[in-house]
Amino acid sequence: MSWVTKTLDSTLGRKLLMALTGLFLILFLVVHLAGNLQLLAGDGGDAFNVYAEGMAVNPLIRAVSILNFSFIALHVIYAILLSRHNKKARPVAYAVTNPSANSTWASRNMGILGTVIFIFILVHLRGFWYRLKFGTPEKVMIDGVEYKNAYIIVEEAFKNPIYSGFYVLSMIFLAFHLYHGFASAFQTVGLRHKKYTPLIQKVGIGFAILVPALFALIPIVMYIQSL
Amino acid sequence: MNLTLKIWRQQNHADKGGFRTYSITGISEDMSFLEMLDVLNEELTEKGEDPVHFDHDCREGICGTCSLFINGRPHGPKQTTTCQLHMRSFSDGDTITIEPWRAKSFPVLKDLMVDRGAFDRIIQAGGYVSVNTGGVPDANEIPIPKVIADEAFDAATCIACGACVAACKNASAMLFVSAKISQLALLPQGQVERRERAEKMIAQMDAEGFGACSNTGACSAECPKGIKQSNIARMNREYYAASVVTENV
């Protein structure tokens, strides 16, 4: 093994990969949210459709999206590798435990939270990304230019209360995942300082509440509009 | 105080082991937890039964020999060592469950005694400084800022009891290893082996089969010496830097 693979295969190296991919995905959430909030622009979906088309054709965005998909895969693969390793480290379980005395529920259940989020991503990609890319979406004319009507796909989907409800529920799981993951990623990459860590922790909690809440707002508003 | 004790009994490492329940009466709330177990062992010995084996040595909270997972927490409900835990932390009529540290790297030797040799092997791998023998150097010959000296000393208060491993859901030894790396990395005397130390100690930690860190903070919350999470962040930095700069290809 080379020194690179040796480092990345250690427990610390695996955690580093989890943290770095996690931090990238946190950045992705911000960009994704900024784009999706255009669904609530109240312009019949024009702004969103123009934006969606732009995302699909821009070569830079396409490159970043490939990176994004591979980072999600890495984050999942390393989560499985680490969980298996951690399970092996304690073959005989305690009869009595009192974990809430020393740690938060979210910090101990990142795997469960992550599994739900992963299922959500699969449903989400099948529902929107796949249909837009490989399906035959309707066309719409905006300012004399033809665009794929991504907006109508979203509008149709969120008419279904079960589908919208699943989105809102998934965002709660995302919130708890971020509640621990945000500050934890900084700790793992070694960024810890008396001056900045309290700020990172506060920003992390704010991020964990605000970003999933705004994401959840989209299905809620669009469902109410469909009534 | 009258208590019911559910104690893990195991003949040896190969034995499967199981819980045995004991009733104990007339315990003073001023007794330490280990003294309470001493009373039980006296009774067991008089009855001709095998006493409960547990680790202990100084009984003043400085050696790190005592252990015990008491009612789901290492060293019991207070953030101290089991020898410094007093029976006033419990109530009359309580049932107390006592288990050994549970980790693949800490095999049970007998009853509540575990083999913490894995910690020794991690220290042997790099937790030392090389110094020239000879005359005693003058005090304050090497200036060290007070804050740095304090930080190094805080890390050095780790008594290697293993409560961090016992508390961690992953049986990770990161808090112990990070304290031992920090206490030397912070000081001028530790600079010579600094990079290689991080690489060697973490390689040994992984070889011993300890888990990875989930940053739950359970280790620091349960550590009788209050070793901080900042040590783990420092260890991570030390390790990443070592990987990049040492000449070990």
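For this structure, a couple of remarks:
- Overall form of the protein assembly as shown: prolate. Here a/c, set by the Cα gyration tensor axes a ≥ b ≥ c, is 1.5 or more, and a/b is the larger of a/b and b/c.
- Computed 3J(HN,Hα) for the range B:235-242, one whole-Hz value per residue from the Karplus formula 6.51 cos²θ - 1.76 cosθ + 1.60 where θ = phi - 60°, is 4, 4, 4, 4, 5, 5, 4, 4, glycine and proline marked x.
- Residue-count net charge about B:Trp101 - beta-carbon cut-off 13 Å; Lys, Arg +1, Asp, Glu -1: 0
- Comparing B:Trp101, B:Ala155, B:Gly126 along the charge dipole axis of the protein assembly as shown, the residue lying farthest to the positive side is B:Gly126, per the Cβ-charge model.
- Backbone phi angles across the range A:161-170, fed through the Karplus curve with coefficients 6.51, -1.76 and 1.60 (θ = phi - 60°), yield HN-Hα couplings of x, 5, 5, 4, x, 4, 5, 5, 4, 4 Hz in residue order; Gly and Pro are listed as x.
- Estimated dipole of the range A:3-226 in Debye, rounded to 20 [Cβ of Lys and Arg +1, of Asp and Glu -1, Cα centre]: 1440 debye
- Magnitude of the charge dipole, the range B:3-110, Cβ model with Lys/Arg +1 and Asp/Glu -1, debye to 20: 640 debye
- Shown for B:His75, A:His85, A:His193: other C-beta atoms within 10 Å of each C-beta, ranked fewest to most, produce the order A:His193, A:His85, B:His75.
- Pairs with C-alpha atoms separated by more than 20 Å, drawn from the list A:Lys6/B:Lys200; B:Lys78/B:Lys228; B:Lys6/B:Lys225; B:Lys110/B:Lys180; B:Lys6/B:Lys104, are B:Lys6/B:Lys225; B:Lys110/B:Lys180; B:Lys6/B:Lys104.
- Amide H contacts of A:Ile142: A:Tyr147, each under 5 Å away and 5 or more positions distant or on a separate chain (H built 1.01 Å from N in the peptide plane; Pro and chain starts excluded).
- The residues neighbouring B:Val114, those whose beta-carbon lies less than 12 Å from its own, together hold a net charge of 0 under the Lys/Arg +1, Asp/Glu -1 convention.
- Selected from A:His32, A:Phe158, A:Ile205, residue furthest toward positive end of dipole (the range A:3-226; charges at beta carbon): A:Ile205
- Cα gyration tensor category, rounded, prolate or oblate, for the range B:148-202 with a/c compared to 1.5: oblate
- Within chain B, the longest run free of exposed loop sites, counting trypsin sites (Lys or Arg not before Pro) that sit outside DSSP helix and strand states (H, G, I, E, B) and have at most 13 other Cβ atoms within 10 Å, spans B:48-249.
- Longest DSSP-loop-exposure-free segment, trypsin sites (Lys or Arg not before Pro), chain A, at most 16 other Cβ within 10 Å: A:1-158
- In a reduced charge model with +1 at each Lys and Arg Cβ and -1 at each Asp and Glu Cβ, chain B shows a dipole moment near 880 debye about its Cα centre.
- Shielding by partners, peptide A:11-21 (average Cβ within 10 angstrom, other chains): 4
- One quarter of the surface of the convex hull around the alpha-carbon atoms of the range A:1-77 equals 6.2 nm², the direction-averaged projected area.
- Taken as Cα centroids, the range A:27-81 and the range B:158-174 sit 41 Å apart, rounded to the nearest whole angstrom.
- Under Karplus coefficients 6.51, -1.76 and 1.60, residue-wise ³J(HN,Hα) of the range A:13-29 in Hz, glycine/proline x: x, 5, 5, 4, 5, 4, 5, 5, 5, x, 5, 5, 5, 5, 4, 4, 4
Any read-out appearing in this document is the output of simple, stated calculations on the displayed coordinates, not a laboratory observation. Just so it is clear, the model here is predicted, and its values are computed rather than measured. Reconstructed Cβ throughout: ideal geometry from the backbone, glycine too, with neighbour counts over all protein chains shown.
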